[in-house]
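To start, the structure under review is shown below, and the notes come after it.
The values are calculated or read from the model by the stated rules, or taken from the named source; none is laboratory data. The shown structure was predicted, so the numbers you read here are calculated from the model rather than taken from an experiment. Note that we place each Cβ from the backbone using ideal geometry, even for glycine, and neighbour counts take in every protein chain shown.
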Amino acid sequence: MRFATWNVNSVKARLPRLEEWLASARPDVLCLQETKVADFPDISSSGYAVAHFGQGRWNGVAILSRVGLTDVREGFPGEPGFPEQEARYVSAMCAGVRFISVYVPNGRTPEDPHYTYKLEWLAALRTSLAEDVAKGPLVIAGDFNVAPTDDDVWDPAVFVGSTHVTPPERAALAAIRDLGLHDIVGRPLKGDRPFTYWDYRAGMFHMNKGMRIDLVLATEDIAAQVTDAVIDREARKGKGPSDHAPIVVDTKRSAENGLG
DNA sequence: ATGTCGTCCGCGGGACGA
C-alpha cells in the first residue's frame, strides 16, 4: 500500500497539477488539506473516490482512495471551533486502515486567540485519537502547523517568538505522538533536511529555507511495514505549485484487504 | 523572510490569511 499527504493550497487552483500527480504517483490513499472549496471538483475519471469536508474559501480537508472509502467522519467529538467548527478533520476507513486528514489551526501569533484555539484543538484531537488508536491500524496525516524540533526549521533564530516552534505547541504534538504513533519522516530528495513547506516569497524554495510541518503519524503495525517515505519536491517546482510538497509512504502492506 | 500566492468582492486592486 502506498499512501500520501499533501497540502494543495486550493484544490481549484491546483487541479491540473493534482490530476497529473495522481496519475504518476498513484497512491492508494491521499490525504489533502486546504482544499479551499465547498464542493470538491469532479475527478471521477481518475478512479479515486473522494471524502471531502469543505467549507468554502478557507480550510477544507479530503481523503482520496482507490482501495475503498467507508465510515467517513467529518470533524471529531469535542472539536473546538473558532467560534464555529471549521473543516479541519476528515476520517475514513480505506483497505482496513483508519485514515485521518488534518489541517491544524495556524495560530497566527502566540498572543492571538487563534493560538489558544490551536492548542485546544490539538488537545481535543489527542483525546479523540486515543480511542481510535486502540481500535486498529491508523494513519493521521496532514499539515500540523508545528515543527517538532529546531532541526525542522531552516533557521531556529528566525522563528523565535513565532508560532510553529513554541514549547506548548511542541508539547501538544508530543502528547499526540505519545499515544503510540510513529513519526514517519520522508527522505528529502535534495539536501539533508526533510522540509515539506517553503514560503512562496523570496526564493525560499530555491535556497531550501523550509520547514517540516506536514507529518505522517502511524500506529506501530503500519510503521513496521514501511519500506520507504519520500518528500516529493518535484511537486513544489515549476509553474503554479502549492507551497507544500507531498509526503509519499510505501509499505509492504496489501492494499487489497485489511489483513496486511 | 514578510520579496508570493489564493480567495473574496466585484470589475480593479485592496483586505485577509498563510
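Data for the structure
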| item | result |
| --- | --- |
| Strands (runs of 3 or more DSSP E) completely within segment A:13-84 that count 1 or more residues being within 16 Å of DNA strand B (Cβ to nearest atom) and under 19 Å from the mean Cα position of the chain (by Cα) | A:29-33, A:49-53, A:61-65 |
| Residue selected from segment A:85-113 under the condition part of a strand (DSSP E or B) and hydroxyl-bearing (Ser, Thr, Tyr), by the criterion nearest to A:PHE144 (Cα to Cα) | A:TYR103 |
| Test: residue in segment A:86-104 that is surrounded by fewer than 16 Cβ atoms within 10 Å (Cβ to Cβ) and either in contact (Cβ under 8 Å) with a residue 24 or more places away in the chain or within 16 Å of the chain's Cα centre (by Cα) (or both) | no |
| From the options A:ALA147, A:ALA130, residue that is of a type in the set (A, V, I, L, M, F, W, C), farther than 30 Å from A:SER45 by Cα, surrounded by fewer than 16 Cβ atoms within 10 Å (Cβ to Cβ) and modelled with pLDDT of 95 or more | A:ALA130 |
| Looking only at segment A:175-205, and only at residues there that are within 16 Å of DNA strand B (Cβ to nearest atom) and among the charged types (D, E, K, R), the one that is surrounded by the fewest Cβ atoms within 10 Å (Cβ to Cβ) | A:ARG201 |
| Some residue of segment A:31-43 being among the charged types (D, E, K, R), buried (at least 16 other Cβ atoms within 10 Å of the Cβ) and touching a strand residue (DSSP E or B) at 6+ places or on another chain (Cβ under 9 Å) | yes |
